[in-house]
Amino acid sequence: MMKHSQEDPALAIIERLIMEFRRRVRYQSLLGAMLVDFATFASLVTINVEAGKAILTSLIFALIYLVVTLYYNHKTRINRVNMVEHLNRNYAELEESLQLVLAKPESLLKEIQRQKVTDKLIQLEKSGELNRLLPKISTKRSISWSLSIIALIISFWLIMKLIQQSSFGEIDINEVNQSSDALVVLNFSRLTVSSPDYTGLSPITQSDLNVKVLEGAMIEWEVGTTKYIESLYWLGVDGKPQKMTYMENGRFGFQHEVKGSGFYRLAYFENKRLVYIGDIYTIQAIKDRAPKIKILTPKTTLTEIREKAPKDFNLKVLINDDFAISNTVIEVSVAKGSGEAVKFRDKVFKFSQAEDTEKGTLFTRKWKLAELEMEPGDEAYFHIKAWDNRTPESQLSKSSSLILRWLEENDEETLAEGIQIRFIPEFFRSQRQIIIETEQLIADRNDLESIEFEEKSHDLGYSQKDLKEKYGQFLGDEFGEGEGAMHGLADGYHGGEDVSQGEATAGLAQMEHSDEERHEEQHEEQDKASIAESHQAEHMHDSEYHLEDLSGASDIIAQYTHEHGSVEVAPLSKSDPKTWMKKAVHEMWQAEMHLLLSEPEKALPFEYKAYDYLKRARQAERIYVKRLGFEPPPVSEDRRLSGELDAILSYSLNQSAVIMSNNQEALLQKGFSALDSIPIDRPLFSEQRSNLQNLRELLLELSENRPVLINYAVILEKILAANQLQLENCSDCLARLKQKLWQIKALPVALPRNRYRTGIIPEQDFNEFKQFVESFDPEKNGNKQHD
Amino acid sequence: MIDGVLLSEYLLFPEFGGLQVIAVIIVFSSLLISLTNTSSRLKGISRKYRWLVFSLNLSVALALCGLILKPEIKVSEGKKVYLITANTDFSSEGLNKINTKLSRASFYWLEPTTEMIESYGITGEQVLLSAAQLQIREPSIGHLVVLGDGLTENEWQAISAEIIEFIPSSRVSGILSPEWTQQVNIGEYFRFSGRLNISDAKSSDVFEMQLIDPAGQMVVKRALLNAEFFEVSHRPKLSGNHLYRLQISRMNKTIKQVLISEEIDVEVTGHSKLNLLLLQSAPSFELKNLHNWAAASGAKILSKIQISRDKYITKAVNRELPVSKSLDLEFFSSFDLVVADARMLSQLSESETEALINEVNKGLGMIVIADNSLLVQNTASAKIKPHWLHRHFQLGYPSPKEGSEPVQLSWHDGNGGLVSPRESLVSRRAIKFEHQDRQLISLVYSSKGEPLVVSRAQGKGKIALSLLTGVAGWSTSGDKSNYSLFWQAMIKQVARLGEMNPIIALDQRHSSKVGKAQRLCIRGGDKHELIFLNHGGGQKLKLSPALSEPNRKCAQVWLTREGWYQLSLKNNGLVEAKKAFYSYSKEAWHAQEQNEKFIASLNRVKNSEGQSRISVGDFTPINLWWMWSLFILSASLLWLERKLGHKES
């Protein structure tokens, strides 16, 4: 063929056309395959198919396309005969005679015709006319194929999804009843939380069955199960099953108003037996807090207006609330006169201006003293009340009192010491409350979100700042800094305080004991280390060298030296409360800083120190005076009890102590003891179960103010449900629960106990040993034989 | 350890492998070939002469071999046994010449790990599960070399050898001499003391010690230096079985590196079994608060309060009222502690006082609250009999000013610690303890060191006299913590001795480890059953009488897992006593365990008969001068022979 084509130019042209034709067809197929490959890969990846699988599938599709297009495309089967036919049909000048070039002519006529068509063909070739017959490379088909494949894949995926979602509603009930061994699980959950209307918050939807909501919110459940069940029940803390509503879409619905933290479960009845579905889920109820009132102006509790000073009084207050303030009033009591003739007149005012700021609403009011109907020598007592917009019952906050005193000409300055003594106990409770809440925050670190943790830490920091400023005012420092006139005090701390307990918290008592231990002469090394630590705390603020020295060398130096560069570390007088309070303010600075930096662990030692110094200040300002007056002589035994009192009778009384049995500390201890028994896979016995139930109720009660405890109430519920301490799905639950109980528990009260010998040999053992030895003494045993 | 070639039992070529020895053989062969050459030279010469030349050549060859191969010869006599214990480091200097595979000494491994078995190719016969097995495997040991941590005192008792050597391992970092209060009552402080030992510490290094409570919170933090003794204490919050954690960290500029972390087990009991008798000549706040506190704690209390000359109120809390109202010996024997004011004691009849004192002699404790009746004795009126407390405590009377000032208190808590609450100003009686008497022990004293509560022994019991009058003020002001601590410290140092727990765990706490046996004993009769409880269930232990301890039965249990174990002693099905103990992991308290083994092993080496030598192998190198001498001599003779032979030819 090659030889023949070389001799015959027409054949050469035909061959060229055939080759070009085939080449273009192949190229077209390859391009199409590439497009199909890409489209398939893209669509599979879009529907989250694994990349490896997507590549493999797309290659297969591309291969199929290539095979189909090359094998079944008639254009690839082109040869000389059908090319000649094709040329004859498209070019009339070839006079349907082109086939003569394929064979050797048999006659002269054919030869002449052959030559003629050859020339024509050559002309067509030269003019480029023949190239018009070649197929054009078009992407249309490839694109259409690709789009079809994309549509096919995505349609298939959507259909499969729809089939899965609607599959549960079509199960034959009879089939389910026959196979009741299959587990019923939740396959759909949606909670819609609607906060109370007064909050102005829009409803939110979530799928997580553990929920954190505002107290008073309404929760709507919508759940679906994998298998059909006739009824689904909702069980709260009380354990009473409440039937859920069967909805048209085959799911179950329920509504519940949140009144406090708790937990719930879902269950259904099978053969009159309650079968639980899923886990125990928590509802954490967050309380709407009462408004917080902060008095900005005046800065001191006591404001004295002298005769020649302007006769007006300005009040500026910052009030903020979780949602909104509904009402505010200023209650004023004006005291006229003195001694027994003092008269009080009460008035109520409103704020004249209210301005919304980032930190809350700023309320202001100005008075002229005449407006208050005050005269020189009179006093007025102000306090502010604010209500929030909570419904049905709003919450009231009341500020501390402000005193306005209009001095007469001859009045002296009021001494502050008298006020100091009256107000100090409240401050000690405030610092103590800060310590309690800091310890709680540290203990709950793992249970809180980081944002929530930081917010609480900042809140405590601001409280510490307020307290520091109030003490600073008392000391004559302006906002806790520098020197200034001595003014009165105001307690601005807003946190909830338990003032009924006078005893120290866990850390405080521990601090006392460890402080005293350090001064024990028997342990000198311990003293040195502890003195170094205490000096470290004292000098931390003073010495920048110490802060930069992280190797600890300065600790060693501080152990053996003592700085006197600052007034705060000058030799302290036991009888000077101001000095101790200055040191307390110094520590409060550090505590405030660390709390605002969300480092409560670092703040706690400074808080302890501040509390310690405040107690020393209180002790320092005590004055012990010998009792004066008539000191009767001791009563002699002759005269004692000599009166005739026949009505007095001897009697006997039998009592049982019930003081400890039901209080919180006892419940915690009993609950912990119930959790501490070995082995942990043994069924709970009745007393153990009872103690755990009581503990669960206690944790539920405590969770109202400390929502994180609800998680631990849930662990107890799981233990009670499993009837053993070991939980299958939670290997560390028991350990975590015991740790939390330890954190909650306050320092215990010591118990009276017998004496125990601490020698090497206990007395009982010693006696036994002595008898044993004596049994070998021939004198004592009459020469008895021993084995 | 090294590889080497052992030629017969007595010759070792330690520095060469097989190939190198072959190379030397080739050299040797070359020398022999040269002999062949000489043999042709020696043709016609007498056989003796030829053998002489051959011998000289052989000597030279051997000397060359010796100089190249440096052989060692076995020197030890008798059976040498190596016992390899934990932490033996063969890469250290001195041990790297021991060849456990080739040496003909016997090597035994005490509890080797799987890795050691694989890397050293230890056979089953070489593995010992206990040190006592060594004596069974090797009945007569001439020379025993112990490597590594060594053996405990008990383990050494099972081994005897003529010569004992001990090559200790490197000291590990840890806490040495740890001691802690293993059982405390609720409200008491538990104390831990120890000495820090860091193996790679520099003199300037400062370490941070943290005590972490069972909730994971750090409760005590202190800076320490290496080798420093320290003591920490903490008050557990709950009764039960708890684990504290002690952490030692190195203070670095950027990172805090935890070096040591050890667990400390503490058993906290929370039940008061005290039987208390309160005798009051008049109702008082002091004893009323004491009564309330003790009753709330579960103590059994009988309180007798005089309300008129012959009228009394008798109250029983947590117990039944006594049948008999007379205060005789039988009555007092049912109590652990009597708390009475001085006036009430002076109103007791002679027989009642005698019964009370007799019971104190038998162990009863008594705390007397001083009152004005003691002051009356000092007045001119001598109509009232002197109080017998004057004689016992040698009372005096301070100046009115001194006696009326309130005082700040300090007291020992009975566990080695001192307590001195900040706000502890308490009023006191104007009485003082005048003379220094060795029998008088101060329980409470003022900040000036003046004793305010003093006790003395009376037979087996104790009597304490308290000059304090205002301790109840702590309770009424809400400071129940210090109030309870004060009275607990007083009571537990004066009250009758309590009954010991019949269950005894003999091993020290930090020695109770996984994989070790724990010996448990009880003081009990035949009907007692000891149940051993752990997290997997419970088993009844088989008790057998202890050979050297009468009235005691013992059992042994293997501790298979880390954690708390509980023992329950039953008598006729009823639980009579309980005890818990903790099993530590094998790696816990390693430094202390190593230290104990070091001490025991070094003591044993010191006391062993025969000469102790420190040598690391049973082969010793042959002095190379011998080789040189042989080479030079033989070569010289050969040269001479050559010269003479050449001249002759």
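The values are calculated or read from the model by the stated rules, or taken from the named source; none is laboratory data. The model shown is predicted, which means the values in this text are computed figures rather than measured ones. Here the Cβ positions follow ideal geometry from the backbone for every residue, glycine too, while neighbour counts run over all protein chains shown.
On the given criteria, is A:Ile295 touching a helix residue (DSSP H, G or I) at 6+ places or on another chain (Cβ under 7 Å), touching a residue at least 12 places away in the same chain (Cβ under 8 Å) and part of a strand (DSSP E or B)?
No, not satisfied.
Hey, among A:Val36, A:Val45, A:Val49, which residue is assigned to a loop (DSSP other than H, G, I, E, B) and either over 30 Å from A:Pro9 (Cα atoms) or hydroxyl-bearing (Ser, Thr, Tyr) (or both)?
A:Val49
Rundown of residues vs (1) at pLDDT below 90; (2) assigned to a loop (DSSP other than H, G, I, E, B); (3) buried (at least 18 other Cβ atoms within 10 Å of the Cβ), yes/no style:
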residue: A:Ile283; (1), (2), (3): no, no, yes
residue: A:Arg289; (1), (2), (3): yes, yes, no
residue: A:Thr300; (1), (2), (3): yes, yes, yes
residue: A:Ala309; (1), (2), (3): yes, yes, no
residue: A:Val329; (1), (2), (3): no, no, no
residue: A:Phe344; (1), (2), (3): yes, no, no
residue: A:Ala354; (1), (2), (3): no, no, no
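Suppose we filter B:Ile198, B:Ile186, B:Ile163 for residues that are out of contact with any His (no Cβ under 7 Å at 6 or more places or on another chain), away from chain A (no Cβ under 12 Å), of a type in the set (Val, Ile, Thr) and touching a residue at least 60 places away in the same chain (Cβ under 8 Å); which single one remains?
B:Ile198
Which ones in region B:242-255 are more than 14 Å from B:Glu208 (Cα to Cα) and surrounded by fewer than 21 Cβ atoms within 10 Å (Cβ to Cβ)?
Passing the criteria: B:Leu243, B:Thr254.
Residues of region B:221-233 being part of a strand (DSSP E or B), surrounded by fewer than 20 Cβ atoms within 10 Å (Cβ to Cβ) and more than 7 Å from chain A (Cβ to nearest Cβ), which ones?
B:Lys221
For every residue, the table says whether it meets (1) at pLDDT below 90; (2) surrounded by 14 or more Cβ atoms within 10 Å (Cβ to Cβ).
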position	(1), (2)
A:Ile173	yes, no
A:Asn177	yes, no
A:Ser189	no, yes
A:Ser202	no, no
A:Asn210	no, yes
A:Ala217	no, yes
A:Glu222	no, yes
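Does A:Leu734 fit the bill of being in a helix (DSSP H, G or I) and closer than 23 Å to A:Gly260 by Cβ?
no
Of a type in the set (A, V, I, L, M, F, W, C), touching a helix residue (DSSP H, G or I) at 6+ places or on another chain (Cβ under 7 Å) and within 30 Å of A:Gln115 (Cα to Cα): does that describe A:Leu70?
Spelling it out, it is not the case that A:Leu70 is of a type in the set (A, V, I, L, M, F, W, C), touching a helix residue (DSSP H, G or I) at 6+ places or on another chain (Cβ under 7 Å) and within 30 Å of A:Gln115 (Cα to Cα).
Any idea which of B:Arg235, B:Arg309, B:Arg319 is charged (D, E, K, R) and under 30 Å from B:Ile212 (Cβ atoms)?
Sole residue among the options that is charged (D, E, K, R) and under 30 Å from B:Ile212 (Cβ atoms): B:Arg235.
Which residues, counting only those in region B:334-354, are within 47 Å of the chain's Cα centre (by Cα) and either surrounded by 15 or more Cβ atoms within 10 Å (Cβ to Cβ) or within 7 Å of chain A (Cβ to nearest Cβ) (or both)?
Within region B:334-354, B:Phe335, B:Asp336, B:Leu337, B:Val338, B:Val339, B:Ala340, B:Asp341, B:Ala342, B:Leu345, B:Thr353 meet the criteria.
Has region A:365-379 got at least one residue that is at positive phi and not in a strand (DSSP E or B)?
The answer is yes, given that some residue of region A:365-379 is at positive phi and not in a strand (DSSP E or B).
Report whether or not B:Ser303 is among the hydroxyl-bearing types (Ser, Thr, Tyr) and part of a loop (DSSP other than H, G, I, E, B).
So B:Ser303 does not fit the description; no.
What is the residue count in region B:128-148 for residues that are under 18 Å from B:Asn87 (Cα atoms) and in a loop (DSSP other than H, G, I, E, B)?
Qualifying residue count, region B:128-148: 3.
Tell me which residues, restricted to region A:127-171, are small (Gly, Ala, Ser), closer than 30 Å to A:Leu30 by Cβ, assigned to a helix (DSSP H, G or I) and at pLDDT 80 or above.
Hits for region A:127-171 are A:Ser144, A:Ser146, A:Ser148, A:Ala151, A:Ser155.
Which of the residues that make up region B:438-471 are surrounded by fewer than 16 Cβ atoms within 10 Å (Cβ to Cβ) and in contact with a Gly (Cβ under 9 Å, 6 or more places away or on another chain)?
Hits for region B:438-471 are B:Gly459, B:Lys460.
Tell me which residues, restricted to region B:543-588, are away from chain A (no Cβ under 14 Å), of a type outside the set (A, V, I, L, M) and touching a strand residue (DSSP E or B) at 6+ places or on another chain (Cβ under 6 Å).
Passing the criteria: B:Gln556, B:Trp558, B:Lys570, B:Asn571, B:Glu576, B:Tyr584, B:Lys586.
Here is a check on your reading of the model: is B:Ala591 among the small types (Gly, Ala, Ser), more than 14 Å from chain A (Cβ to nearest Cβ) and in contact with a strand residue (DSSP E or B) (Cβ under 7 Å, 6 or more places away or on another chain)?
yes
Please count how many residues of region A:43-59 are surrounded by fewer than 14 Cβ atoms within 10 Å (Cβ to Cβ) and either charged (D, E, K, R) or under 15 Å from A:Ser146 (Cβ atoms) (or both).
Looking only at that region, the number is 3.
Sort through B:Ile463, B:Ile491, B:Ile503 and tell me the only one that's in contact with a His (Cβ under 8 Å, 6 or more places away or on another chain) and in contact (Cβ under 8 Å) with a residue 24 or more places away in the chain.
Checking each option against the conditions leaves just B:Ile463.
Among the residues of region B:467-486, what is the count of those that are in contact with a strand residue (DSSP E or B) (Cβ under 9 Å, 6 or more places away or on another chain), small (Gly, Ala, Ser) and in a loop (DSSP other than H, G, I, E, B)?
Total meeting the criteria: 1.
Can you spot a residue in region B:355-371 that is in a strand (DSSP E or B), at negative phi, among the aliphatic types (A, V, I, L, M) and within 8 Å of chain A (Cβ to nearest Cβ)?
no
Give A:Asn314, A:Asn320 a once-over and let me know the one that is within 30 Å of the chain's Cα centre (by Cα), polar (S, T, N, Q), in the same structural domain as A:Ser401 (by TED's automatic domain parsing) and within 27 Å of A:Gly472 (Cα to Cα).
Exactly one residue qualifies, and that residue is A:Asn320.
Scanning for something in a helix (DSSP H, G or I) and either within 10 Å of chain A (Cβ to nearest Cβ) or surrounded by fewer than 18 Cβ atoms within 10 Å (Cβ to Cβ) (or both), does region B:278-285 turn up at least one residue?
yes
Quick one: in region B:306-320, which of the residues that are closer than 25 Å to B:Lys492 by Cα and either free of Cβ contacts under 8 Å to residues at least 12 places away in the same chain or among the aliphatic types (A, V, I, L, M) (or both) is farthest from the other protein chains (Cβ to nearest Cβ)?
So the residue we want is B:Glu320.
Just one of B:Ser303, B:Ser272 is at the interface with another protein chain (Cβ under 7 Å from one of its Cβ atoms) and surrounded by 20 or more Cβ atoms within 10 Å (Cβ to Cβ); which is it?
Only one candidate qualifies: B:Ser272.
Can you tell me which residue is farthest from B:Lys202 (Cα to Cα) among those in region B:256-273 that are modelled with pLDDT of 75 or more and assigned to a loop (DSSP other than H, G, I, E, B)?
B:Lys273
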